[in-house]
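The next block holds one structure in the form of structure tokens; read it before the comments.
The values are calculated or read from the model by the stated rules, or taken from the named source; none is laboratory data. No experiment lies behind these values; they were computed from the predicted model shown. Positions of Cβ are backbone-derived with ideal geometry, glycine not excepted, and every protein chain shown enters the neighbour counts.
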Amino acid sequence: MLLDVFSITAISAGAFFFFAGTVGLLRFPDSLTRLHALTKADNLGLGLVALGLLPRADSALSALKLIVIWALVLLSGASTAQLIGRALRRSRK
Amino acid sequence: MTPLVLAGLVGASLVGLGLYGLILHPHPLRKLLAFNLIGNGVFLVFGIVARRGAAAGFRFDPVPQAMVITGIVVAFAASALAVAIILRLSAESGRVTLDPEAWTKPNGGDAK
Amino acid sequence: MSILPYVDIGLALLVVGIASTTVAARDLFAAVVGYVAYGLLLAFVWIRLYAPDVALTEAAVGSGVTGVLLITAGKRLGALKNAVPDAQPALAFKLLAGALAALVAGALGAAILLLPDPPPSLAPEAAAAADGAGAGLGNPITAVLMSYRSVDTMLEKLVLILAVVGVWSVGSDKAWGSAPAELRQPKATAPMVFLAQTLAPVGVLIAIHIFWTGANAPGGAFQGGALLAAMWMVIMMAQLAKLPRIDAQWLRMALVSGPAVFLIFGLAGELTAGSFFAYPHSLAKPIILFIEAFMVLSIAAALPMLVAGPPSERPDQ
């Protein structure tokens, strides 16, 4: 029961961060600021969702897989954001 | 409305959308995108046939799903070939179009 | 009081909506980005249809590698200096095309609503094949792909190789034998190098796991091969490895090894198990995994070559 409440709060918080990131994507004036909003909010949102799903995992191995998924998304998201930011900075000079 | 009927209607509308884009867009790569949409719609129809064919203890019929997996890979191969031909055609004729008139009015590209 | 029907309806609306933006987008880049996002959502729809293997393939090949292909193509087309696009068609033509598309979609939708009941199914025969020649495989799709419809799968590998040969043939005669054009600018950027050095080893491990576990769980040779291909492309984009020359022996051996091993075992089945493409019952699972390993190699070699394109002349040649 307590685990269910924990899952629901964590996943709702994650969904809220995704929502915040999307609002930033739509409302920020500039490509660079939008990129900032997206990467920060989405990585945190995914982390909270993964945290919320941990108690519901079937086994320790599935829980580990969830964390590995979050780490991989973090890695590729951060590198992609760097590359996009680089391209944006080059195109505006 | 069961999820199967919903997915089937999504597949049908994807075929319609893809057909519209295929006919309309003059840019060859947009046509290729629309063609891929048609293919995905057809795969979805295959998918609901697979789900409906649940029998013999499985939750789905594996044969249409295997065909869809094969189809996705072959569709990618066909798209890659189409892209190569489009790029070469555009490089030779100097215009990004599938219009056969492009060859009668060359625009700077000469045969390599 | 289940929320799933609303999730399904929301997913369906989202998929159709993003597909519409793909068709109606202003420029090519927006359309391709929309297509990649749409492909990932389509993977969700496949999960709802109880097809995890198809979802994996759609996310990896249908949306991922196709997206790379189209973005590379758009970049190369944008680099053509004399490219002049055509004019937009007239309104009457648009209405006519819209009517035709609506007609086709409506006919297909009607056919779906009128599907026969009880539904016909090949599942019993596939189950018989899974117990027979594909003995010991827990994943019925792998059993269907590798033993019930093994000729189809082998022919599909051949189609991949034919596509590679076709793409290579499109290049100019003088460039035959050299390597395809670069996937990115020649100067390596630090984030890309970091990504390649960190992601590629993990990706290769995950790809081999997906291939190996495809015998008993969702996964398989195509998904693992596509992931391996993606890792090789990431490494090449980071300039940590060069695009190979198309007359390189190792590349050609890797490409043909998949269908060649498949064909050898198929012909050997004539001698050992009584008919073309039959496997001896006790050795079925090891043979299938052995063939699939070479299929993974073949797919991992073919997909990046298809994205890289035809060979191009180097300035220093």
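Out of the range C:133-169, which residues are in a helix (DSSP H, G or I), facing chain B (nearest Cβ under 9 Å), out of contact with any Asp or Glu (no Cβ under 8 Å at 6 or more places or on another chain) and modelled with pLDDT under 85? Residues satisfying the conditions are C:Pro140, C:Ala143, C:Val144.
When you look at B:Val49, is it more than 14 Å from the chain's Cα centre (by Cα), within 7 Å of another protein chain (Cβ to nearest Cβ) and of a type outside the set (Lys, Arg), yes or no? Taking the combined requirement at face value, the residue does not satisfy it.
Considering only the range C:250-257, I want to know if a residue exists there that is modelled with pLDDT of 90 or more and within 14 Å of chain B (Cβ to nearest Cβ). Checked against the condition, which is being modelled with pLDDT of 90 or more and within 14 Å of chain B (Cβ to nearest Cβ), the range C:250-257 yields at least one hit.
Criterion first (small (Gly, Ala, Ser), free of Cβ contacts under 8 Å to residues at least 60 places away in the same chain and farther than 21 Å from B:Leu22 by Cα) does C:Ala25 satisfy it? No: the conditions fail for C:Ala25. Looking at C:Ala278, C:Ala293, C:Ala302, C:Ala284, just one residue is more than 24 Å from B:Leu81 (Cα to Cα), of a type in the set (A, V, I, L, M) and within 17 Å of the chain's Cα centre (by Cα), and that residue is C:Ala293.
What residue, among those in the range C:44-62 that are crowded, with 22+ Cβ neighbours inside 10 Å and more than 7 Å from every other protein chain (Cβ to nearest Cβ), is nearest to the chain's Cα centre (by Cα)? That would be C:Ala60. Filtering the range C:177-204 to residues that are in contact (Cβ under 8 Å) with a residue 60 or more places away in the chain and exposed (fewer than 14 other Cβ atoms within 10 Å of the Cβ) leaves only C:Gly177.
Checking the stated criteria, C:Val36 turns out not to satisfy the condition of being facing chain B (nearest Cβ under 7 Å), touching a residue at least 12 places away in the same chain (Cβ under 8 Å), of a type outside the set (S, T, N, Q) and closer than 27 Å to C:Gln223 by Cβ.
Would you call A:Ala60 more than 9 Å from chain C (Cβ to nearest Cβ), surrounded by fewer than 13 Cβ atoms within 10 Å (Cβ to Cβ) and hydrophobic (A, V, I, L, M, F, W, C)? Spelling it out, A:Ala60 is indeed more than 9 Å from chain C (Cβ to nearest Cβ), surrounded by fewer than 13 Cβ atoms within 10 Å (Cβ to Cβ) and hydrophobic (A, V, I, L, M, F, W, C). Listed conditions (1) closer than 17 Å to A:Ile67 by Cα; (2) assigned to a loop (DSSP other than H, G, I, E, B) are all met by A:Leu46, apart from (2). In the range B:1-28, of all residues being facing chain C (nearest Cβ under 7 Å) and surrounded by fewer than 22 Cβ atoms within 10 Å (Cβ to Cβ), the one that is nearest to B:Gly94 (Cα to Cα) corresponds to B:His27. Looking across the range A:10-43, the residues that are surrounded by fewer than 18 Cβ atoms within 10 Å (Cβ to Cβ), over 16 Å from A:Gly77 (Cα atoms) and of a type outside the set (Gly, Ala, Ser) come down to A:Phe16, A:Phe19, A:Val23, A:Leu26, A:Arg27, A:Phe28, A:Pro29, A:Asp30. Only one of the listed residues (C:Gly171, C:Gly166) is small (Gly, Ala, Ser) and without any contact (Cβ under 8 Å) to a residue 24 or more places away in the chain. That residue is C:Gly166. Only residues that are crowded, with 17+ Cβ neighbours inside 10 Å and either part of a helix (DSSP H, G or I) or not hydrophobic (A, V, I, L, M, F, W, C) (or both) were counted across the range C:229-245, and they come to 11. Considering the conditions (1) under 13 Å from the mean Cα position of the chain (by Cα); (2) farther than 18 Å from C:Leu199 by Cβ; (3) buried (at least 16 other Cβ atoms within 10 Å of the Cβ), A:Leu46 is excluded by exactly one of them, (2).
The listed residues are C:Ala248, C:Ala268, C:Ala221, and the only one of them that is without any contact (Cβ under 8 Å) to a residue 12 or more places away in the chain and surrounded by 14 or more Cβ atoms within 10 Å (Cβ to Cβ) turns out to be C:Ala268.
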